[in-house]
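Heads up: the structure comes next, in C-alpha cells.
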Amino acid sequence: MRSATSKLLHRVAGRSLVSHAIRSGESVAPQRMVAVVGALREQVEGHLAEVAPEVMTVPQTEDGYGTGHAMRCAMAALGELSGEVVVISGDTPLLQGETLAAMLETHRSDGAAITILTARVPDPTGYGRIIRDAAGHVDRIVEQKGATDEELAVNEINASIYVFDAEVLRVELARITDDNPKHEYLLTDVIGLARGDGHRVSAWLTPDTWQTEGVNDRAQLAAMHAEMNRRILHRWMLAGVTILDPATTWIHDSVELAEDVTLLPGTSLEGATVVASGATIGPEVTLIDCEVGTGATVVRAHAELAVIGDGVEVGPYARLRPGTELARGSKVGTFVETKNTKLGEGAKAPHLSYLGDGIVGEGANIGAGVIFANYDGLTKSTTTVGRHSFVGSDSTLVAPVAIADGVYVAAGSTVTNDVEPGQLAVARGQQRNISGWVERKRAGTATAQAASEAATSQENGESA
C-alpha cells in the first residue's frame, strides 16, 4: 500500500478492511474469533479494541512466515477445540456472510474435512490454482511460483477462505514445511496433506468473483470501493430511493435511508447518517453522522454530527458543524456556519452568518452578517436569542449574552448586555455627516465631481 497505515485499516465504504472481514465472520455466529496480526500490529490491535473488542488478537511471531505459520499461531492461542474452523482473509471486504453460510452447509452435507472457496477468473495470475483429480474432486492447491505451465493455465483460483475440521487442521498444520520458493509455511499445503491422508476436500465455487478479491495497492482499493458503492446504491434504489446520478453518489454501508429519499448528483453520505422519507439531498452535499428529517432539503452543504429536522431547509453553501440541531421548519441559508447551536421551530438564519454556541428560539430571525462572538480566547460562551426575536443585519452578539423573547436588535449593533422582552437594542456609534469632507479631502476625483454636480442639481431644484 506504500503507507504508514496498516493495509487492514484502509477503508472501503466507510469501514476498515479488517472490520469488513469481522462482520463477514460474525455472520456465522462463531463461538470465538481470532485475528492474527503481523506488520503494524499495534495499529490493528488498537483499532480492533475500539470496533470489535470481543475479537482476540494474536501476534504472528517472528520464528516463521506465511499463512500456515499464521494459522499455527491462531490454533496455539485457541488451545484444544473441536468442530469447524472458518478462516478468512483480512483484505476481502466484499465477502458476504451468505457465502460463508453456504460453505458451511456444503462442508457439513459433503462430510468434508476441508472446504475451499474458489472462483473462476479471466486472469488468475498471482493466485493459487485449484487442481482437481480425474473425478473432479479437489486434489491440491498450487501456488503461482511453484506451478507448471499446465497448472498455470487453470483459471479456478483459491480465495484463501476455508472451512476446516479442527482436528484435521491441527494434525496437518504440524506437518507442513517451508520447502518452497518463498520459504514460507503455507496453509495451502494442508490441503494436499489432508488428501494424502484420505480426507475429503470440497470446493464451493462462487459466481461472484468480487468476493474473492483482495486489496494489495491503492488501485485495487479504489476498484473495491467503486464496486461496493455500486452495490450499495443498487440496494437502496431497489428499496425506493431515487439516485439521480449513481456515478457521483457515494454512500457508506452504515447509512440508513427511507423510501422516497432523493439524492442528487455529488452527494456523499457517510458514517451513521440517517435520512427520513421525502428528504432531498444534493446536489453537492456531504453529510457525516447526521440525522435528516422528513421532507428536509439540503443543498450544496457540508454537515457533520448535525440533526436536521422535518421540513428544514439547509443551503446552498452552508456548513453545519458538530452539535447543530435544527428544529422543524427552520432554515440555515447561504454561507451560514453553525456550531453547537440549536434553532427552534421556524427559526431562520438565511444569509452570511456565524452562529457558534447558540440557542435560537422558535420563529426568531437572524439577519444577514450576524455573528455570535462565542470565543474570548480562553473560553467559549453561549448566546441565546428568544422566541420571535429579530436580530438585524451585521450585528455582533458578544457571548455570554441573552436576547429575550420578542426583542429587536437594530442592524449594525454590537450587543454585550442582556436584552429584556419587548425591548429594542441599539448598540452602535452615533452617525455623523460631515459636510464638505469630499471637496476638501478628495478634490479632483470622480467622487468630488459627482458630489459637486449633485449639489448643484439640488440647489437648482430648490430654487425652482
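Quick one: compute the contact order of the range 13-69, relative version, from alpha carbon pairs under 8 angstrom and 6+ residues apart, as a percent.
The value is 36 percent.
So which aspartates and glutamates can K145 reach, going by Cα to Cα under 20 Å and dropping same-chain residues fewer than 8 places off?
Those aspartates and glutamates meeting the cut-off are D123, E156, D178, D179, E184, D189, E213.
How much of the DSSP beta bridge set in the chain is antiparallel, as a percent to the nearest 5?
20
Which distance in Å, rounded to a whole number, links the C-alpha centroids of the range 82-137 and the range 347-408?
62
Report, by chain and number, residues whose modeled amide H sits under 5 Å from the one on I359, excluding near sequence neighbours (fewer than 5 apart, same chain).
Residues meeting the amide H criterion: K342, T383, T384, V385.
What ranking, highest mean first, results for peptides 24-36, 202-214, 184-196 when packing means the other Cβ atoms within 10 Å averaged over each residue?
So the peptides 24-36, 202-214, 184-196, ranked by packing, come out 184-196, 202-214, 24-36.
If the cut-off is 29 Å between C-alpha atoms, which lysines fall inside it for K339, apart from same-chain ones fewer than 8 positions away?
K331, K348, K380
Quick one: putting +1 on the C-beta of Lys and Arg, -1 on the C-beta of Asp and Glu, what dipole do you get for the chain around its Cα centre, in Debye to the nearest 20?
Rounded to the nearest 20 debye, it is 1260 debye.
Taking Cα centroids, how far is the range 229-290 from the range 35-55 in Å?
For the range 229-290 versus the range 35-55, the Cα centre distance is 31 Å.
Do you know the relative contact order of the chain, to the nearest whole percent, from alpha carbon pairs under 8 angstrom that are 6+ apart?
This gives 7 percent for the chain.
Sort 145-153, 12-20, 369-377 by packing, meaning the average of other beta carbons within 10 Å per residue, with the highest value first.
Peptide ranking by packing, descending: 12-20, 369-377, 145-153.
Give the separation of the Cα centroids, the range 305-325 to the range 163-200, in Å.
So the separation of the two Cα centres works out to 57 Å.
Please give the peptides 282-290, 119-127 ranked by average Cβ packing (other Cβ atoms within 10 Å per residue), highest first, as a rough proxy for protection.
My ranking of the peptides, most packed first, is 282-290, 119-127.
Hey, with R₀ at 30 Å, roughly what FRET efficiency would Q423 and S277 work out to, going by the Cβ-Cβ distance, to 0.05?
With R0 = 30 Å, the Cβ-Cβ based efficiency is 0.10.
For W250, which sequence-distant residues (separation of 5 or more, or a different chain) have an amide H within less than 5 Å of its own amide H, given hydrogens modelled in the peptide plane?
Sorted by chain and number, the residues that satisfy this are T267, S268, L269.
Give me L8, L326, L352, L378 ranked fewest to most by other Cβ atoms within 10 Å of their Cβ, as a rough exposure proxy.
Lowest count first: L378, L352, L8, L326.
For the range 218-425, what relative contact order do you get, as a whole percent, if you take Cα pairs closer than 8 Å and at least 6 residues apart?
In percent, rounded to a whole number, it is 9.
For the range 218-425, what is the charge dipole size about the Cα centre, in debye to the nearest 20, if Lys and Arg each add +1 at the Cβ and Asp and Glu each add -1 at the Cβ?
360
Each value in this text was obtained by applying a stated rule to the coordinates, not by laboratory testing. In this text the structure is predicted, and so the values were computed from the model without any measurement. In this analysis, Cβ positions are derived from the backbone assuming ideal geometry, glycine residues included, and neighbour counts consider all displayed protein chains.
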